[in-house]
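Structure, as structure tokens:
Coordinate-derived values only; no laboratory data. Bear in mind the structure is a predicted one, so any value in this text is a computation, not a measurement. Glycine gets a Cβ as well: all are built from the backbone with ideal geometry, and neighbour counts include every protein chain shown.
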Amino acid sequence: MRGAGKCVSKILSTIAKEVRPGISLLELDQQAKDLAAQMGVKCAFLGYMGFPGAVCTSVNDQIVHGIPTGRRLEEGDVVGLDFGVVKDGFYGDSAVTIPVGKISDDAKKLLKATAQSLYAAIEVSRAGNTLKDIARAIEGVVKPHGYGIVRDFVGHGIGTKLHEDPQIPNYVAGAQPFTLRAGMTIAIEPMINGGSEFVKVLDDKWTAVTEDGSLSAHYEHSLVITDGEPEILTEWEGGRFGGLLDSL
């Protein structure tokens, strides 16, 4: 799991640095494929249930599962990059939302709050705590802003499969009082909308967008539960997505 997580963090951090106005989603996707090939790992999403890309590229009002296309990013966009690998039979999975050039203050606030909610959830992901504690931590950061917490998609266990039990909702009412134990590996991924929590899926059967057209942000880490502080398996060098969030 550590090996898979390290590959994910290296690839995701590398393609994130390439995000700029004018680059296409397909170019970012190809870079991820090339890096995975160099590392000798398999792209976890490519072909998964028929998904056509290596990276889920979700722009602006797209929440998750955006398909890489020739669309070129523009100044002021935000793009979610969700990526995973399989290494020696184990999975790593992580996501980050990147500003494209200069973004609005409202977009900055949404990205910052979503990222903060992820790290608040990670902080309480300790043996003896529950899935409700994770959801409560996310709500505690996000709710004061009036943002919508997506309910249709959730975090999950991860290991020898990409998606394992337990499901990890980002809202308290949907979370089970399931107790975390040392050695568990999970993926926490708050998906937060600037408007309502409601979602619709486009005709491509993959891309989920906000029902009201508001911006959405998505951050995710895979981690292992310990008796003390959790270990983030997909963290970037330097911590907290490599300081990416400091500029928000």
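Sort segment 156-225 into rounded, prolate or oblate with this rule: let a ≥ b ≥ c be the square roots of the eigenvalues of the Cα gyration tensor; rounded if a/c is under 1.5, and if a/c is not under 1.5, prolate when a/b is larger than b/c, oblate otherwise. Verdict is prolate for segment 156-225.
Using the Cβ of Lys42 as centre and a radius below 11 Å, the other residues enclosed give a net charge of +1, where K and R count +1 and D and E count -1. Extension gain for Ala173 to Glu75 (0.36 nm times residue separation, less C-alpha to C-alpha distance): 31.5 nm. Working from Cα pairs under 8 Å separated by at least six residues, relative contact order for the chain is 22 percent. Quick one: go through segment 118-134 and flag any residue whose amide nitrogen is under 15 Å from the point 7 Å out along the Cα-to-Cβ line of Glu229. The answer is 119-127. Rounded to the nearest 20 debye, the dipole magnitude of segment 1-59 is 280 debye, with +1 charges on Lys and Arg beta carbons, -1 on Asp and Glu beta carbons, and the Cα centre as origin.
Per-residue extension of 0.36 nm, minus the Cα-Cα distance of Arg126 and Asp204, leaves a gain of 24.2 nm for this segment. Charge dipole (Cα centre; +1 on Lys/Arg Cβ, -1 on Asp/Glu Cβ; no other charges) of segment 2-247 amounts to roughly 300 debye. Taking the alpha-carbon centroid of each part, what is the distance from segment 121-157 to segment 185-207 in angstrom? Rounded to whole Å, the Cα centres lie 15 Å apart.
Based on DSSP H segments of at least four residues, each scored -39500 (n - 2.57), the chain has a per-residue ellipticity at 222 nm of -8000 deg cm²/dmol.
Under the classification rounded if a/c is under 1.5, otherwise prolate if a/b is larger than b/c and oblate if not, where does segment 32-133 fall, given a ≥ b ≥ c as square roots of the Cα gyration tensor eigenvalues? Verdict is oblate for segment 32-133. Placing unit charges on the Cβ atoms of the charged side chains and taking the dipole of the chain about its Cα centre, the candidate lying farthest along the positive direction among Ala175, Thr69, Leu202 is Ala175. Is segment 187-248 best put as rounded, prolate or oblate by its Cα gyration tensor, with a ≥ b ≥ c the root eigenvalues, rounded for a/c under 1.5, and otherwise prolate when a/b is larger than b/c, oblate when not? Prolate is the answer for segment 187-248, as a/c is 1.5 or above and a/b outweighs b/c.
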